[in-house]
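The values are calculated or read from the model by the stated rules, or taken from the named source; none is laboratory data. The structure presented is a predicted model; accordingly, all values stated were derived computationally and were not measured. Neighbour counts run over all protein chains shown; Cβ positions are idealised from the backbone, glycine included. For accessibility, only protein heavy atoms count, side chains too; no ligands or nucleic acids. Shrake-Rupley method; radii C 1.70, N 1.55, O 1.52, S 1.80 Å.
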Amino acid sequence: MKKNTRNNILIATSYSVILIAGMFLGIKFIKDQGFGVKKSPQLASNSDEKLNEILHIINGNYVDDINTDSLQNLPIDSVLHQLDPHSVYLPPTDAQDMTDNLEGNFEGVGIEYYMLNDTMMVTGVVKDGPAYQAGIKLGDKILSIDTATVSGRNLPKDQLTGRFKGKAGTGVSVVLLHPNALQSNRIMVTRGKVNISSIDAAYMINSETGYVRISKFGANTDSDFSVAANNLKAKGMKKLILDLRDNGGGYFTAATGLADQFLPENKLIVYTQGKHEPRTDYFSTGTGAFQNGKLAVLINENTASASEIVAGAIQDLGRGIIVGRRSFGKGLVQEQFAFGDGSALNLTIARYYTPSGRSIQKSYKKGYDAYKHELDERMTDGELTGDDRTSFQDSIEKTEGVNVQPAKKIKPLGGIQPDVFVKLDTTGYNKFYSNLVSKKVLSDYVFNVLTSKYNASFVEQNINIFTINDNDFKDFIGFLQRKNVPIDRLQLYSAKSVILNDLKALLCRYYLGDVGYYRAANQTDNAVRQALLNLQ
């Protein structure tokens, strides 16, 4: 593989990887030097010309053999449907959105807000960011932005999103009301670059064990981790829990860079290969921040792509233990080919393989062929017995050519299988609880009530010992009644422990940010508990 191609490739299962769940306003990313796009010649808007160019790109770059002659007269989307599910055509707006979402830092004002009782309430301020420097504080209520009134109007989400967007150096006028203030005041915020670490949380979970949460792989993930790890080592960290659950991926180079943080010199991290891309190996440099010390990596069914590269390398090289549930199974490498009109083609050009040669890509075939493929793979891997094979074969042969369900329930092919399996705990996660979450009732209660009962200093000093108690729960029931929320008593009390844990975590997040949220949530997290046990 050519050097510039290696620099350009990215593994992206989720193109919605955005910092702090996209709630920081005025989003504008800075381009990562490790990711680029191949620019195709300027094309006319004629769809036939673009289709011909796409077929030419597929012929010269696609990961597998494909007969493009049979695709000549199909629409562009239909052509790509004949490939894998990660090869997609992006119209100009979508292509730009994806590029923005996968690049480096923000330009904006650096706040997070929540619509509470039809009022825009500030629930997060980036330290040293433009809003912070202008004097916007946690709990402030924003009444208007420039000439637009944003509170008290029941505005739909699309009329709120983007109000703070704008070029760095431009100003935005904000009318806000500080907590307990009698009068509002107007301030001017100058938009600027907002530096956000790609590390969601890093803290000492006990005297010798650190915890680091990473939810996406951005341009600076490996360097951000290095800073976090060194800070934790200064506090006594000898063991580490790396949480990659729900991490949908991001930059390929960020994944190899993070894996490098844990490995001695000259260890194979991953290799890539495709029909038009010769094998390329990626090795560790021996310069990582946590090459020694016990390591546990948390994964689940939403751990995908770049995060699977890290988990696979750690597992194959015996560097640590993998705890959780089987990962998503996305082992394809995409490259973006940009057209002159702003649209782009994201095309799979290679597969990646873990150090032992595993391809963790799950089958994207359908129906009978998918089950046949899965059967063959699982028999090869020794995951099915002869009896399993007979039962499985009988079930698919009776309904050949349709989406069948096998007689024996078999785990989906692909992904990283954990060393320590942690069953998904669904206790309390019933319909009533889901309704509370979807309607944001829990957050409403935290911001309306709990923030007036528990202050920041109390939460910070007592985070490891205080709980949302029975009196709070009774008050919460009264809050539901005042909000006219229909109450199913049986389901309410079944979900009580989950509700109380969520309320504490949300309260801690309000005062202490994401690190506060995870410090609270991890106290009752079974995967974290299992990791701690296996690190002893």
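Take the Cβ atoms of D118 and R489, set R0 to 22 Å, and the FRET efficiency comes out at 0.15. Each of the peptides 170-176, 230-236 was scored by the mean count of other Cβ atoms within 10 Å over its residues; in descending order, highest first, they stand as 170-176, 230-236.
Straightening the chain between N534 and K235 buys 105.5 nm, computed as 0.36 nm per residue apart minus the Cα-Cα spacing.
A simple packing score, the average count of other Cβ atoms within 10 Å per residue, orders the peptides 63-76, 116-129 as 116-129, 63-76, with the highest score first. In the structure shown, the pairs K362/K431; K157/K216; K431/K483; K431/K504; K216/K275; K137/K453 are assessed against 23 Å; a Cα-Cα span above that value is assigned to K362/K431; K157/K216; K216/K275. Given R₀ = 51 Å, FRET efficiency for S184-N67 by Cβ-Cβ distance, to 0.05? The computed FRET efficiency comes out at 0.15.
Each peptide in 301-312, 216-227 was scored by the mean count of other Cβ atoms within 10 Å over its residues; highest first, the order is 301-312, 216-227. Each residue was assigned an accessible area with a 1.4 Å probe, and for H56 the value is about 120 Å². The Cβ shell under 11 Å around D118 holds other residues with a net charge of +2, Lys and Arg each +1, Asp and Glu each -1. Among the trypsin sites (Lys or Arg not before Pro) within region 140-178, those in coil by DSSP and having at most 15 neighbouring Cβ atoms inside 10 Å are R153, K167. Applying both filters, DSSP loop and at most 11 other Cβ atoms within 10 Å, to the trypsin sites (Lys or Arg not before Pro) of region 258-331 gives R279. Given R0 = 35 Å, the distance between the Cβ atoms of N206 and Q481 translates into a calculated FRET efficiency of 0.30. Modelled label positions at N526 and K167, each set 7 Å beyond Cα in the direction of Cβ, lie 5.5 nm from each other.
Taking the alpha-carbon centroid of each part, what is the distance from region 299-347 to region 228-274 in angstrom? The two parts, judged by their Cα centres, are 13 Å apart. If you sort L347, L500 by accessible surface, 1.4 Å probe, largest first, the order is L500, L347.
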